[in-house]
Amino acid sequence: MGSSVVLATAGYDHTIRFWEATSGICYRTLQYADSQVNKLEITADKTLIAAAGNPHIRLYEVNSSNPQPIISYDGHSSNITAVGFQKDGKWMYTGSEDGTVKIWDLRAPGCQREYESRAAVNTVVLHPNQGELISGDQHGNIRVWDLTANACSCELVPEVGTAVRSLTVAMDGSLVVAANNSGTCYVWRAMRGSYLTTHFEPLHKLRAHQGYVLKCMLSPDVRQLATTSSDKTVKLWNLDGFTLDRTLAGHQRWVWDCVFSVDAAYLVTASSDCTARLWDLSTGDAIRIYSGHHKACTTCALNDSAIEGRDDG
């Protein structure tokens with residue numbers, strides 16, 4: 001991984017920690033006094049990091065010694081379980097156990113849009129087309145929110161009553177995967193229909209873990225699916241046939257989160273054992289352990305992409 005790497009973790013000890021990815025040294029710690037941190041997300045240009053807690057979102061500067069958030073977003077009434085950014089950093093989206101998905105314009109105060117899921121939202125992802133949000137909730141519903149039509153364009157219920165824990169969309173928009181509390185991943189081929197609306201064609205049902213699948217993530221090259229679980233393991237599945245490539249073992253407790261490096265050669269994971277780990281996926285070895293959190297580490301964020309030349313002056 002290159003020198004311009006932003007790696008951060010957070011969790012139940014009310015801190016956000018920034019790490020030197022290769023050395024494992026923590027070089028900056030932010031206090032998040034309000035609550036635990038459920039999710040972190042870094043903007044594409046690596047300038048800001050969002051921390052989602054209960055019930056606030058705080059935005060911090062990445063390259064700064066300022067310990068205070070530069071802006072706070074209030075509007076949710078319960079735990080925020082998902083946060084992400086539009087690719088140009090113009091707006092942010094969130095999902096919450098209050099049953100809503102919200103969109104926030106980063107250049108204006110307040111919430112601009114709200115979608116009602118009618119059940120606690122556990123996961124939200126932005127389609128690469130930047131025009132659809134996909135949410136998964138505690139009742140097992142997956143909904144596609146068409147941002148142009150400003151309405152729900154599609155609903156899927158793979159297992160009635162089984163909570164959808166995590167969603168992931170392929171970088172090329174070709175696949176969507178949903179992971180649930182019964183240890184199953186549902187894979188759909190995402191077909192482009194008229195008016196740029198995504199249609200879902202069932203492709204595979206994967207019995208991934210005996211316990212909960214807490215996170216699923218498609219690799220940037222769309223060759224592998226990573227799943228993390230309450231069974232303390234991370235599994236890597238080959239998308240050509242959905243066979244198990246390898247199991248990453250080493251965490252001592254639930255593994256809550258994972259993120260691929262941009263070249264899909266490494267994976268960072270976060271666990272209730274208070275550590276995050278960097279895995280070399282060619283060997284399956286944990287080549288770095290990030291130790292410093294005093295309670296469960298529930299989220300990790302990584303941006304090691306090359307920033308494209310900006311010509312907006």
Placing +1 on each Lys and Arg Cβ and -1 on each Asp and Glu Cβ in the chain, then taking the dipole about the Cα centre, the residue among F85, N63, Q210 whose Cα reaches farthest towards the positive end is Q210
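By the scheme Lys and Arg +1, Asp and Glu -1, what is the net charge of all other residues having a beta-carbon under 10 Å from that of I57?
On the way: positive: K39, R58, K102; negative: E41, D74.
Around I57, the surrounding residues sum to +1.
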Across segment 232-246, in residue order, what do the Karplus-derived ³J(HN,Hα) couplings come to in whole Hz, using 6.51 cos²θ - 1.76 cosθ + 1.60 with θ = phi - 60° and x for Gly and Pro?
6, 10, 10, 10, 10, 10, 7, 6, 8, x, 6, 8, 7, 6, 6
Which label marks the calculated value of volume of the Cα convex hull per residue in Å³, given the options [x] 126; [y] 116; [z] 144?
[x]
Taking segment 13-162, the whole-percent share of alpha-carbon pairs separated by over 23 angstrom is 37
Exposure rule at most 14 other beta-carbon atoms within 10 Å, DSSP loop trypsin sites (Lys or Arg not before Pro): the chain longest free segment:
119-222
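Please give the per residue accessible area of the chain, computed with a probe of 1.4 Å over protein heavy atoms only, in Å².
Roughly 42 Å² per residue, with all protein chains present.
With all protein chains present, how much of the accessible area of segment 150-233 (probe radius 1.4 Å) comes from carbon and sulfur, to the nearest whole percent?
Heavy-atom surface of segment 150-233 belonging to carbon and sulfur, 1.4 Å probe: 52 percent.
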Quick check: Cα centre of segment 24-50 to Cα centre of segment 3-20, how many Å?
6
Exactly which chymotrypsin sites (Phe, Trp or Tyr not before Pro) in segment 251-285 are in a DSSP loop and have at most 11 other Cβ atoms within 10 Å?
none
Using a 1.4 Å probe on the protein heavy atoms, what percent of the accessible area of segment 56-116 belongs to carbon and sulfur?
42
Length-normalised contact order for the chain - Cα pairs under 8 Å, 6+ apart - percent:
13
How much net charge surrounds S291 when only the other residues with a Cβ under 11 Å from the Cβ of S291 are counted, with Lys and Arg +1 and Asp and Glu -1?
+2
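The values are calculated or read from the model by the stated rules, or taken from the named source; none is laboratory data. Because the structure is predicted, anything quoted here is derived from the model rather than measured. Methodologically, a virtual Cβ is constructed for each residue, glycine included, from the backbone with ideal geometry; neighbour enumeration extends over all protein chains shown. These area figures cover heavy atoms from the full protein model, side chains too; ligands, DNA and RNA do not enter into them. Shrake-Rupley method; radii C 1.70, N 1.55, O 1.52, S 1.80 Å.
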